[in-house]
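Note sheet for the following structure.
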There are 4 protein chains.
Amino acid sequence: VGSKGIESARPRGARALIILLTPGAGSAQRAAVARALRELGVEAEEVRLGARHALVVERPEAAPPAESLARIDGVERVIPLAPRAPLAAGTLRTGGGVAIAGAVFGGGHVGVIAGPCTIEDAASLRDIAARVAAAGAVCLRGGVFKVRTSPHSYQGGGLAALRELAGVAREVGLPFLTELTDPRQVEDVAGLVDGIQIGARHMQNFPLLVEAGRTGKPILLKRHMAADVDEWLLAAEYVLATGNQRVILCERGLKSGERHVRYLLDVGVVPYLKRRVGLPVIVDPSHAAGDWRLVPPLARAAVAAGADGLIVEVHPRPEATRSDALQALPPDAFLRLMDDVRALAAMDGRSVQPARAGERSAVGI
Amino acid sequence: VGSKGIESARPRGARALIILLTPGAGSAQRAAVARALRELGVEAEEVRLGARHALVVERPEAAPPAESLARIDGVERVIPLAPRAPLAAGTLRTGGGVAIAGAVFGGGHVGVIAGPCTIEDAASLRDIAARVAAAGAVCLRGGVFKVRTSPHSYQGGGLAALRELAGVAREVGLPFLTELTDPRQVEDVAGLVDGIQIGARHMQNFPLLVEAGRTGKPILLKRHMAADVDEWLLAAEYVLATGNQRVILCERGLKSGERHVRYLLDVGVVPYLKRRVGLPVIVDPSHAAGDWRLVPPLARAAVAAGADGLIVEVHPRPEATRSDALQALPPDAFLRLMDDVRALAAMDGRSVQPARAGERSAVGI
Amino acid sequence: VGSKGIESARPRGARALIILLTPGAGSAQRAAVARALRELGVEAEEVRLGARHALVVERPEAAPPAESLARIDGVERVIPLAPRAPLAAGTLRTGGGVAIAGAVFGGGHVGVIAGPCTIEDAASLRDIAARVAAAGAVCLRGGVFKVRTSPHSYQGGGLAALRELAGVAREVGLPFLTELTDPRQVEDVAGLVDGIQIGARHMQNFPLLVEAGRTGKPILLKRHMAADVDEWLLAAEYVLATGNQRVILCERGLKSGERHVRYLLDVGVVPYLKRRVGLPVIVDPSHAAGDWRLVPPLARAAVAAGADGLIVEVHPRPEATRSDALQALPPDAFLRLMDDVRALAAMDGRSVQPARAGERSAVGI
Amino acid sequence: VGSKGIESARPRGARALIILLTPGAGSAQRAAVARALRELGVEAEEVRLGARHALVVERPEAAPPAESLARIDGVERVIPLAPRAPLAAGTLRTGGGVAIAGAVFGGGHVGVIAGPCTIEDAASLRDIAARVAAAGAVCLRGGVFKVRTSPHSYQGGGLAALRELAGVAREVGLPFLTELTDPRQVEDVAGLVDGIQIGARHMQNFPLLVEAGRTGKPILLKRHMAADVDEWLLAAEYVLATGNQRVILCERGLKSGERHVRYLLDVGVVPYLKRRVGLPVIVDPSHAAGDWRLVPPLARAAVAAGADGLIVEVHPRPEATRSDALQALPPDAFLRLMDDVRALAAMDGRSVQPARAGERSAVGI
């Protein structure tokens, strides 16, 4: 994991540190701070800010981090000017859409991923897959390595279930993805799947991110329910630093004190991210809502705010499922939702159709 | 402030308390709990729940509150079945839209309130008012009694500024509202304004809510940035308990650890509230975003999620304003936003036009 | 409400604004920003920060606020160097303890305020007052104007209850305070009480703060359950700006998603504030815990972290109370807690005894 | 991962589900719900709760989870009575202290772990280790597999650094622990270390928890900065389910909107957990504070609230470190802190001395 070559693309001064000295720092104190910096191998230039003084470090790469420098006596605070996730920031120039085996997210395409929470039996999986494909979903989802808060809950069907999912996806003609939870799974699974999902609870499982990134497969990176944007983009940075540019960001709601929704959907992060990165941003209204009746309005809100896609849990018989029953959307409600998504996408000149094979290069992937 | 007459409308059993006893509570302990309840004037019936025992209180009105009963030895927990805000819950049956002097929110109408944060000078106010009216806003906003975090910030123009706002509103033919912050303001102001705004920081200023409610004017009740839904509905309950049914709820974003938006817009609360109350729910994207570039997508998300309206800050020269400059939308961006709002409202068969005078009774107000 | 005279005490440069220009801003763009500033009446000096440029505003008092200046084209961000609450910051030099009629908080004294949540009947009030006085409390508390989330909950006994509380306080020889909730109460109440409590939900009720401050009585200012430190100190600033320096800050727990405590006690704010202000800081473990069994350990933690006092709810028969039963400490547990408080205070050379009359001047109040 | 044998220990009825039907559910609707349950293989008994009806499921083990049952028409809500983390709950009966190679936490012993954030060079490590041992720390800490938010930050020294740490620990005669971040590290490391730390960001990395648990080594399980207590105890449950009972819980502060501390230390969770589980609970004041000057008061608060130990970052030259400089305590401040810890522990009749070899069995480990 490295960041070679990224520095040259940034404008001069973009990465400087401003070391603000305490008010009233006299020349002796300023010299002492400069000396302490030199001992740490840091070159700094003194500047005057009105009645205050500061030291500017143009090349902080080899220096101790900003918070270490803040421990030097006479320093009031250190203000870093550099972006914290330069590879992610760089996608703003280069980014278009990202495709999961022909299903395109971003670059004018609104892609909808749908399927059951967990792969439980082949018959109901085939039924759901056929229905979501008919409704216009472009990618299938389904969990086989589950992240369950309790060890006493159902843990998923593992590799056998994954093969079943792969078979059904082929039958209905959709690509699919599944969540990985352990770097040891990556080798076995990489050949089978079209995309890899990193779940919210594993957003900062950096060894997993690195292994998943190295497969070159598209990575759907969910935001942790307590992650701020910088933490999320720095998790994406771990994948980007492997050389894999195919990252799809997925907002799925934030933990809060509220009880009317399971998680608070941060719909504002969608337009915010559009200003900071070029990666596609999709939304998971199911986990945010935790209540199927709120899934369609949240999904509509996400697309109206500019989301490049959705990932939705669909199940025809939620009372019999082993996980996430409250948020599972009945297939007919999903069908109506897809009509709304098409209408909303059209308002902005966007489409929900998957790119045809020939178009893949058009979105740069 | 009282709740006379509301009890009769609720189905039997809706307000019961279930007092769950500790596992293994024997007959002597059960009798002791029952005796403690009788001494507090509480009648309870013992029921068996499988291997557990509970006491059911059918009429808890005269009893100490549930948390007091939980202090009795042998009680594991007390589960109240009653809704906490019965007047607000009752609006689910009766509610339609609410009008501010002909500007209708709800009942099929999406109403947009717009204007500057603060009334500063007559010329710019008149300019903004004319532009937002032309763009399709149905109500004017403007602050004269400001709630400023710091005593060293500009505190607003007071009654003189309010008279100016009233004059400009009359000129452009729009109703208007302003925020009140002190129960002592109510008498002076009630005759001048078309609607009263209760700001987020005053959502639990109960003396103010009661005074404002008693004017009979429409009350725009903003949600505190840390209020859960029950707290918000109970604040509305204070207004409803004065006999004033004209409450418009306004979501404006929740405080969080995030820094990319000023407050986290809880867009999911819109469809959630539609299931619990009949009061109109509008959204303030300006204070949530804290950044004018995020206001249009958040506004669109709100309407797509079913909001009955918006309240938006608009200013043509934000760099010269004394408050909330970062979120002020330029008038031309507001014009484009109104086109989007009309298109989104039409998707659901709703309209953004104000009700004509003759229609007011149709929405029950 | 003003801040006259405070500026002169601050060192030069302490209040400057640094206006950082976008990377790569050329001389034409820099000139345009400077011109825009001049049109707003703002004088600025250009400085170079390595490869970047900035404008320094030495006297931002008359300028639009920082966020308005951030709307000027070519500005990346505005960094204010001034403290936001200068009067509160100034107490760091002047502060010692604050006394409520002889009960001292701070300056080496740990003061404990105790009493029932609500004044309900004279007999139980007299019983509690006598017991907490005997245990070592230095001030009595009791609510008569209650802030109840629901209009259907008990609203308090009003002025009649306040007179009862005053009488009992006199009998047991303790000063007392009560919470005010409405600026219209201040005149009636100011002559009766020894101190005024501003509750968490009214922390930003600025008209109330100003009226309460003007009485000159000691003000116990609770932190809102969602207020950050700056918001809290700026609320104190409203009181200080009336000329009343007798402010006691009270931490009472923050709202969070956690359910094991009612509010999350921010024990770290105690030592943090000691570095920023000279005002005494006390802690309310009762409202934070929401469970009487957690009150003693939280109270001990607060004193061990340096709190200048506690405010604790005590009741011998919580199952019969009309509010806050779960957190009411039985009198014998309060007695044991006071032993711990004395031992902890002694560890730091502090005492829990109230100042004798002759000592009052020693703490400057 | 299983829970065999735990059921028999729980009292009858402790694990029941109460399925509350909607108010006014008639006999036909009740029968329909019962029928739906039978089709899912769930046996239920109907009970009357005053005017309401409910179904009680005594043996919900084989049934779909509660939230699935809540999707059945006619069900208002499902109230589970079972504890969610039964193995953790069971430690309340069995628990005493837990030892890391003779360093005891709990059971009357307050254990302090100290050391640098990261193992950087042998000389400074040896210096720190000698000083913290002399001050009374009972266990050494040091990171070699770092969890860094950014891929561009220093990632730790790996196995080579771990061997260095092991050597220094042996020299100074203290046991040590280090954080693991990847299940693939476990095999290599298990033979080297005295204890394994699971960091906050990996609290729900269940494959890692299972591998670490299976080593039988003591597991220091940090609470995620956004985890509620149930999530934390369920993470401990994953370790306990491997048969490893040597779990030490470590509170390290919660994410919040506050900026005056890095994380909000939840000091109340210490006494709360003492009522729910028998596992030792220690506190990390360093990561919570994010500022070394706040570390001693937070540490004192933790011990005063009943914590069984502390884990503290110590460094003599923080300005030269590659991580966490702001919170590193200078060795002399650590020395003074240990005096306070001893005094606070003594107040409760507890000691900070490590158990001698012969005492290990006394704490059951």
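The values are calculated or read from the model by the stated rules, or taken from the named source; none is laboratory data. All of these numbers come straight from a predicted model, not from anything done at the bench. Positions of Cβ are backbone-derived with ideal geometry, glycine not excepted, and every protein chain shown enters the neighbour counts. Each accessible area value is taken on the protein alone, full model and side chains, heavy atoms only, with ligands, DNA and RNA left out. Shrake-Rupley method; radii C 1.70, N 1.55, O 1.52, S 1.80 Å.
Things to note:
- Restricting attention to region C:227-244, the residues that are over 30 Å from C:ALA328 (Cβ atoms) and either more than 10 Å from chain B (Cβ to nearest Cβ) or of a type outside the set (S, T, N, Q) (or both) total 9.
- Any hit, region C:276-286, residues being out of contact with any helix residue (DSSP H, G or I) (no Cβ under 6 Å at 6 or more places or on another chain), surrounded by fewer than 22 Cβ atoms within 10 Å (Cβ to Cβ), in a helix (DSSP H, G or I) and in contact (Cβ under 8 Å) with a residue 60 or more places away in the chain: yes
- Residue ID - surrounded by the most Cβ atoms within 10 Å (Cβ to Cβ), chosen from residues in region A:290-327 that are modelled with pLDDT under 95, aliphatic (A, V, I, L, M) and in contact with a helix residue (DSSP H, G or I) (Cβ under 6 Å, 6 or more places away or on another chain): A:ALA325
- Subset tally (residues that are of a type outside the set (A, V, I, L, M, F, W, C) and within 14 Å of another protein chain (Cβ to nearest Cβ)) for region B:193-209: 6
- Residues of region C:210-226 satisfying the condition of being within 9 Å of chain B (Cβ to nearest Cβ) and under 14 Å from the mean Cα position of the chain (by Cα): C:HIS224, C:MET225, C:ALA226
- The residues listed here are B:ALA123, B:ALA129; of these, the one that is away from every other protein chain (no Cβ under 14 Å), among the aliphatic types (A, V, I, L, M) and either more than 20 Å from B:THR321 (Cβ to Cβ) or without any contact (Cβ under 8 Å) to a residue 40 or more places away in the chain (or both) is B:ALA123.
- In region B:237-265, the residues that are over 23 Å from B:ALA137 (Cα atoms) and outside any loop (DSSP other than H, G, I, E, B): B:GLU237, B:TYR238, B:VAL239, B:LEU240, B:LEU254, B:LEU264
- Within region C:1-30, the set of residues being in a helix (DSSP H, G or I), more than 17 Å from C:VAL78 (Cα to Cα) and modelled with pLDDT of 85 or more comprises C:SER27, C:ALA28.
- Scanning region B:86-141 for residues that are basic (Lys, Arg) and closer than 12 Å to B:VAL312 by Cα gives a single hit, B:ARG141.
- Residue list for region D:26-41, restricted to those being surrounded by 21 or more Cβ atoms within 10 Å (Cβ to Cβ) and either facing another protein chain (nearest Cβ under 10 Å) or of a type in the set (Asp, Glu) (or both): D:LEU37
- The residues listed here are D:THR181, D:THR91; of these, the one that is among the hydroxyl-bearing types (Ser, Thr, Tyr), without any contact (Cβ under 8 Å) to a residue 40 or more places away in the chain and within 30 Å of D:TYR272 (Cβ to Cβ) is D:THR181.
- Within region D:328-346, the set of residues being within 12 Å of another protein chain (Cβ to nearest Cβ), without any contact (Cβ under 8 Å) to a residue 60 or more places away in the chain and surrounded by fewer than 24 Cβ atoms within 10 Å (Cβ to Cβ) comprises D:PRO330, D:ASP339, D:ASP340, D:ALA343, D:ALA346.
- Unique match (being in contact with a strand residue (DSSP E or B) (Cβ under 8 Å, 6 or more places away or on another chain) and either within 9 Å of chain A (Cβ to nearest Cβ) or open to solvent by 20 Å² or more (accessible area, probe 1.4 Å) (or both)) among B:VAL247, B:VAL267: B:VAL267
- Checked against (1) more than 30 Å from C:GLU171 (Cβ to Cβ); (2) out of contact with any Asp or Glu (no Cβ under 8 Å at 6 or more places or on another chain), C:ALA88 meets all criteria but (2).
- C:LYS255 falls short of the stated requirement of being open to solvent by 30 Å² or more (accessible area, probe 1.4 Å), at negative phi, within 12 Å of chain D (Cβ to nearest Cβ) and within 13 Å of the chain's Cα centre (by Cα).
- A:GLY111 satisfies every condition listed in (1) more than 14 Å from chain D (Cβ to nearest Cβ); (2) under 30 Å from A:ARG35 (Cβ atoms) except (2).
- Check on B:ARG71, open to solvent by 10 Å² or more (accessible area, probe 1.4 Å) and basic (Lys, Arg): yes
- When each of A:GLY106, A:GLY50 is tested for being surrounded by fewer than 23 Cβ atoms within 10 Å (Cβ to Cβ) and touching an Asp or Glu at 6+ places or on another chain (Cβ under 7 Å), the lone residue that passes is A:GLY50.
- Long-range neighbours under 6 Å by Cβ, at least six apart or interchain, first residue at negative phi within region C:295-317, second of a type in the set (S, T, N, Q) and not in a loop (DSSP other than H, G, I, E, B): C:VAL295/C:SER286; C:VAL312/C:SER286; C:GLU313/C:SER286; C:GLU313/C:GLN327
- Output for region B:284-327, where each listed residue is within 17 Å of A:LEU294 (Cα to Cα), more than 9 Å from chain A (Cβ to nearest Cβ) and not small (Gly, Ala, Ser): B:ASP308
- Here A:ALA114 fits the description: at pLDDT 95 or above and open to solvent by less than 10 Å² (accessible area, probe 1.4 Å).
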